[in-house]
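Everything below concerns the one structure shown next.
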Amino acid sequence: MAILPIHLLGSAVLRETAQPVEAFDDELRQFIADLYETMDTALGVGLAANQVGVARRVAVIDADDQRFAMINPRVVESGGATTSAEEGCLSIPDAFAEVSRPERIVLEAQDEHGKPFRLELGGLVARAVQHEIDHLDGVLFIDHLSTLKRQLLVARWKKDHKGQGPTWIPSPEESEATS
């Protein structure tokens with residue numbers, strides 16, 4: 001397994017619409033293992049392929065004691081109250097904002113072998129799934145904010161991260177320091 005570089009705000013691949021996966025092979029399974037390793041090292045609850053520079057419809061989730069890969073995912077139903085909660089993103093480190101999302105969703109996707117599955121999800125895992133599917137559609141959590149809030153957050157983030165390159169590789173030391 002490998003820790004992959006995470007693309008940061010401003011990287012063009014974060015705005016690309018990811019392409020569907022058609023080949024469910026060992027290369028895909030290795031890529032998923034690398035996504036898990038990268039997400040775990042960065043202490044995330046989800047990671048989408050385009051966050052590591054690959055515009056394919058693949059993401060991994062680890063939230064609310066549920067850990068799974070989702071390939072070609074889509075939300076087919078949403079319901080319950082729309083709740084607002086603080087979100088952050090591994091591609092925009094140290095930036096957080098309140099985002100409103102449906103509390104309950106039904107996810108349809110494929111696993112790493114191409115087998116379709118359907119999950120009814122709520123809470124943090126539902127929020128994480130919606131966040132990662134947004135990534136696969138080229139949408140960032142900041143796009144859910146008002147124009148003014150987004151502009152302020154991005155300006156502050158750019159000032160705080162001036163000189164930082166287009167990617168970031170979390171080191172195990174950084175991960176341990178933030179645990």
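Taken together, the values in this text are just the output of simple stated rules run on the coordinates, not laboratory data. On a predicted model such as this, the values are computed, not experimentally measured, just so you know. A quick note on method: Cβ atoms are made from the backbone with ideal geometry, for glycine too, and the neighbour counts reach across all protein chains shown.
R0 = 25 Å: FRET efficiency of A12 with L152, Cβ-based, nearest 0.05? Working shown, then result.
On the way: r = 23 Å, r/R0 = 0.93.
With R0 = 25 Å, the Cβ-Cβ based efficiency is 0.60.
Roughly speaking, what is the stretch gain from T167 to A81, that is 0.36 nm per residue apart minus the C-alpha to C-alpha distance, in nm to one decimal?
Numbers: separation 86, 0.36 × 86 = 30.96 nm, distance 3.60 nm.
Taking 0.36 nm per residue and subtracting the Cα distance, the gain is 27.4 nm.
Which value in nm describes the separation of the simple spin-label points at E98 and V139, placed 7 Å from the Cα toward the beta carbon?
Label-label distance for E98 and V139, simple model: 2.0 nm.
Suppose the chain between D26 and E108 were pulled fully straight at 0.36 nm per residue; how much longer would it get relative to their current alpha carbon spacing? Working shown, then result.
Values: separation 82, 0.36 × 82 = 29.52 nm, distance 2.22 nm.
Gain on stretching D26 to E108: 27.3 nm.
Order 61-68, 37-44 from most to least packed using the mean count of other Cβ atoms within 10 Å.
Values: 61-68: 16.4, 37-44: 19.8.
The most tightly packed comes first, giving 37-44, 61-68.
If each DSSP helix of 4+ residues adds -39,500 (n - 2.57) and the sum is divided by the residues in the chain, what number results at 222 nm, nearest 500 deg cm²/dmol? Before the final figure, lay out the partial values.
Numbers: 4 runs with 50 residues, N = 179.
Only helices count here, giving -9000 deg cm²/dmol.
So, in Å, what gap is there between the alpha-carbon centers of the stretch 1-31 and the stretch 126-163?
First find each Cα centre; the distance between them is then 19 Å.
To the nearest 20 Debye, how big is the dipole of the chain about its Cα centre, given +1 on the beta carbon of each Lys and Arg and -1 on that of each Asp and Glu?
Numbers: 17 positive and 29 negative charges, 162 e Å.
Roughly 780 debye, rounded to the nearest 20.
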